[in-house]
Amino acid sequence: MKFSELGLSKALLKAVERNGYEEATPIQAETIPLVLAGKDVIGQAQTGTGKTAAFSLPILETIDRDDPNIQALVISPTRELAIQTQEQMYQLGKEERAKVQVVYGGADIRRQINSLKSHPQILVGTPGRLLDHMNRRTVKLDHVKTLVLDEADEMLNMGFLDDIEAIIKAMPVERQTLLFSATMPPEIKRVGVQFMQDPQHVKIKAKELTTDLIDQYYIRAKDYEKFDVMTRMLDVQAPDLSIIFTRTKRRVDEITRGLEARGYNAAGIHGDLTQKRRMQILNQFKHSQLDILVATDVAARGIDVADVTHVFNYDIPQDPDSYVHRVGRTGRAGHHGVSLTFVTPNEMDYLREIEKLTKVRMLPLKPPSAEEAFTGQLSNAESTVKELVEKTDTEKYEKVASKLLDQYEAVDLVAALLNDLTKDDSTQVPVKITPERPLPKRKGGHGGSRNYRGGHGGGHGRGGNNRRYGKSNDNHRRYGSNKDHRDHGGNRDRNKNNGGGKHGFTIRKKD
Ligand SMILES: Nc1ncnc2c1ncn2[C@@H]1O[C@H](COP(=O)(O)OP(=O)(O)OP(=O)(O)O)[C@@H](O)[C@H]1O
Ligand SMILES: [Mg+2]
């Protein structure tokens with residue numbers, strides 16, 4: 001559907017065009033008119049389908065620039081996502097000259113207080129820092145007309161709920177409430193509707209919860225085998241940009257160091273790094289100065305980096321929703337992506353649980369042997385040589401080239417070039433990743449491992465008929481995604497422990 005049919009002003013249509021959006025995505029087409037009409041909306045659609053613009057555009061349409069109060073508040077689970085959303089809203093609101101600001105933890109609060117003096121109409125923030133500002137009375141929410149909980153199921157999960165409730169209490173009862181996410185377990189929806197009036201649930205119908213733009217694979221491997229298998233996969237597939245999700249911060253650090261030792265251009269982010277460092281690394285990744293981002297779930301939700309081709313779940317996520325968000329960092333805005341999930345033999349039940357939720361069968365992949373990894377590298381090198389030949393100005397090099405051809409056989413010269421473009425089996429460089437406590441054995445039923453959410457119950461068929469054995473005919477391809485239940489704390493503004501942990505997982509809280 002065209003944006004011009006949605007009731008948006010000329011200024012916003014111009015912004016949409018400037019952003020290169022040709023057509024509204026289904027979630028945009030369905031929710032924008034409802035939000036403009038002032039309805040409370042739950043907007044659910046697959047990852048990477050433009051939910052941010054779906055709530056941003058109607059908000060920008062309705063704010064009053066002459067009113068100095070905060071009129072719309074967007075709450076995000078992580079600092080990185082809050083910053084990204086503020087940037088996108090600012091971009092879309094340029095023609096409207098809308099003032100959009102962001103507050104998040106780990107950054108100088110005085111500077112934020114100073115910028116808040118310019119009276120933004122729209123504020124984006126993480127819960128902890130928002131509450132901090134509210135307590136200092138540097139953020140007042142008594143004129144908020146629209147509240148958005150982005151990644152709403154995460155924001156309404158136990159870890160965040162108290163904060164969200166406290167923030168909502170400071171807002172007028174008469175307001176519009178919007179919840180957006182790719183996943184919305186029924187138990188969480190029940191919590192959400194308590195804050196809403198006559199909510200409309202817009203759920204973009206799709207056979208699968210994950211987008212069919214992602215080819216999803218899994219590899220069975222023992223924990224200690226994963227690193228070698230992964231670097232071989234990287235060699236075979238030579239992904240442009242990939243994200244590797246792991247379960248713990250320690251693993252992020254160790255995997256990053258291991259990748260560097262084997263010659264890959266990687267950096268890691270997790271909650272123990274300074275916010276400055278986190279942003280620096282994410283920006284480098286966004287600008288393709290890094291090939292591989294290693295991350296805990298701090299990067300799992302909402303983060304939009306164009307052209308991420310591969311998501312690896314170095315550790316399978318315990319929570320199936322988490323899988324959906326992690327793999328959703330690829331296959332965005334119509335691009336194709338690949339996910340590869342490592343699963344240890346005793347974690348197969350977790351894999352099946354994920355498949356039940358997504359209704360997609362992951363394809364098994366065989367770990368490549370050293371020989372296969374080398375063949376893969378050679379085939380990549382062959383393509384590189386072809387590209388090089390095409391873009392080389394032969395005349396410029398002709399003299400030396402002829403001289404070399406006099407001295408050597410042509411085949412030796414090309415072999416030397418291929419040798420330079422490939423590397424020795426990367427597993428020759430020994431890397432040891434400290435073993436982590438395995439996921440607890442699933443106890444048969446549904447959602448036994450989930451806090452609060454209580455699992456997705458029956459409801460989700462076995463995937464049988466919905467199997468999609470990939471667009472790719474090549475069964476021996478690569479990668480996937482995963483999540484961390486022990487790392488969220490690092491993002492917190494306030495160190496609140498919500499208990500849990502008894503079974504190797506804790507109730508989640510991010511900021
Ligand atoms: N109508 C459109 N046409 C083309 N691209 C779009 C359109 N709307 C949004 N995009 C782009 O698609 C990408 C994904 O959008 P966005 O981050 O809003 O997805 P999302 O649905 O919120 O995903 P997630 O569930 O992962 O948060 C962004 O780069 C955005 O600029
Ligand atoms: Mg989003």
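The values are calculated or read from the model by the stated rules, or taken from the named source; none is laboratory data. Predicted model only: the values in this text are computed from it and were never measured. Here the Cβ is made from the backbone with ideal geometry for all residues, glycine too, and neighbour counts use every protein chain on show.
Does Glu371 qualify as being over 28 Å from the mean Cα position of the chain (by Cα) and without any contact (Cβ under 8 Å) to a residue 24 or more places away in the chain?
yes
Condition check: of a type in the set (A, V, I, L, M, F, W, C) and in contact with a strand residue (DSSP E or B) (Cβ under 9 Å, 6 or more places away or on another chain). Does Val308 satisfy that?
For Val308, the condition - of a type in the set (A, V, I, L, M, F, W, C) and in contact with a strand residue (DSSP E or B) (Cβ under 9 Å, 6 or more places away or on another chain) - is met.
Just to be sure before I move on: is Leu161 within 16 Å of ligand 2 (Cβ to nearest atom), under 26 Å from Gln84 (Cβ atoms) and not small (Gly, Ala, Ser) in the structure I sent?
It is false that Leu161 is within 16 Å of ligand 2 (Cβ to nearest atom), under 26 Å from Gln84 (Cβ atoms) and not small (Gly, Ala, Ser).
Would you check if there is a residue in segment 19-29 being β-branched (Val, Ile, Thr) and over 20 Å from Gln200 (Cα atoms)?
Within segment 19-29 (the criterion being β-branched (Val, Ile, Thr) and over 20 Å from Gln200 (Cα atoms)), the answer is no, since none of the residues qualifies.
Hey, could you check segment 298-328 for residues that are modelled with pLDDT under 95 and of a type in the set (D, E, K, R) and say which is surrounded by the most Cβ atoms within 10 Å (Cβ to Cβ)?
Asp319
Across segment 216-257, what is the total count of residues that are of a type in the set (Gly, Ala, Ser) and farther than 15 Å from Ser339 by Cβ? Spell out the reasoning first.
Quick first cut of segment 216-257, residues of a type in the set (Gly, Ala, Ser) only: 221, 238, 242.
In the following step, the residues that additionally are farther than 15 Å from Ser339 by Cβ were identified as 221, 238.
Number satisfying all stated conditions: 2.
So which residues in segment 226-250 are of a type in the set (D, E, K, R) and within 16 Å of the chain's Cα centre (by Cα), if there are any at all?
Going through segment 226-250, the residues of a type in the set (D, E, K, R) turn out to be 226, 228, 232, 235, 240, 247, 249-250.
Listed by number, the list holds a single entry, Arg247.
Residues Leu273, Leu290, Leu282: which one is under 30 Å from Arg129 (Cα atoms), within 16 Å of ligand 1 (Cβ to nearest atom), modelled with pLDDT of 95 or more and of a type in the set (A, V, I, L, M, F, W, C)?
On the way: Leu273 fails: within 16 Å of ligand 1 (Cβ to nearest atom); Leu290 fails: within 16 Å of ligand 1 (Cβ to nearest atom).
On inspection, the qualifying residue turns out to be Leu282.
Among the residues of segment 207-246, write down those that are at pLDDT 95 or above and small (Gly, Ala, Ser).
The answer is Ala221, Ser242.
Go through the residues of segment 236-245 one by one and say whether even a single one is out of contact with any Leu (no Cβ under 8 Å at 6 or more places or on another chain), under 19 Å from Thr330 (Cβ atoms), assigned to a helix (DSSP H, G or I) and not assigned by TED's automatic domain parsing to the domain that holds Gly106.
Yes: one or more hits.
All but one of (1) among the charged types (D, E, K, R); (2) crowded, with 22+ Cβ neighbours inside 10 Å; (3) within 16 Å of ligand 2 (Cβ to nearest atom) hold for Lys203; which doesn't?
(2)
Scan segment 329-347 and tell me whether some residue there is assigned to a helix (DSSP H, G or I) and within 14 Å of ligand 2 (Cβ to nearest atom).
Residues of segment 329-347 that are assigned to a helix (DSSP H, G or I), as a first pass: 345-347.
When the remaining residues are screened for being within 14 Å of ligand 2 (Cβ to nearest atom), the result is none.
No, that holds for no residue.
Scan segment 24-42 for residues that are within 9 Å of ligand 1 (Cβ to nearest atom) and in contact with a strand residue (DSSP E or B) (Cβ under 8 Å, 6 or more places away or on another chain) and report the count.
Qualifying residue count, segment 24-42: 1.
Output the number of the condition that Lys366 fails; it satisfies all remaining conditions of (1) in a helix (DSSP H, G or I); (2) more than 21 Å from the chain's Cα centre (by Cα); (3) in contact (Cβ under 8 Å) with a residue 12 or more places away in the chain.
(1)
Got at least one residue in segment 203-213 being away from ligand 1 (no atom under 16 Å from the Cβ) and touching a strand residue (DSSP E or B) at 6+ places or on another chain (Cβ under 8 Å)?
no
Can you list residue pairs whose Cβ atoms sit under 9 Å apart, with the first residue in segment 42-67 being under 29 Å from His336 (Cβ atoms) and without any contact (Cβ under 8 Å) to a residue 24 or more places away in the chain and the second being in a helix (DSSP H, G or I) and within 16 Å of ligand 1 (Cβ to nearest atom)? Count only pairs 6 or more apart in sequence or on different chains.
Hits for this filter: zero, empty list.
Being under 21 Å from Ser76 (Cβ atoms), among the β-branched types (Val, Ile, Thr), within 16 Å of ligand 2 (Cβ to nearest atom) and touching a residue at least 60 places away in the same chain (Cβ under 8 Å) narrows it down to one of Thr183, Thr210, Thr177, so name that one.
Thr183
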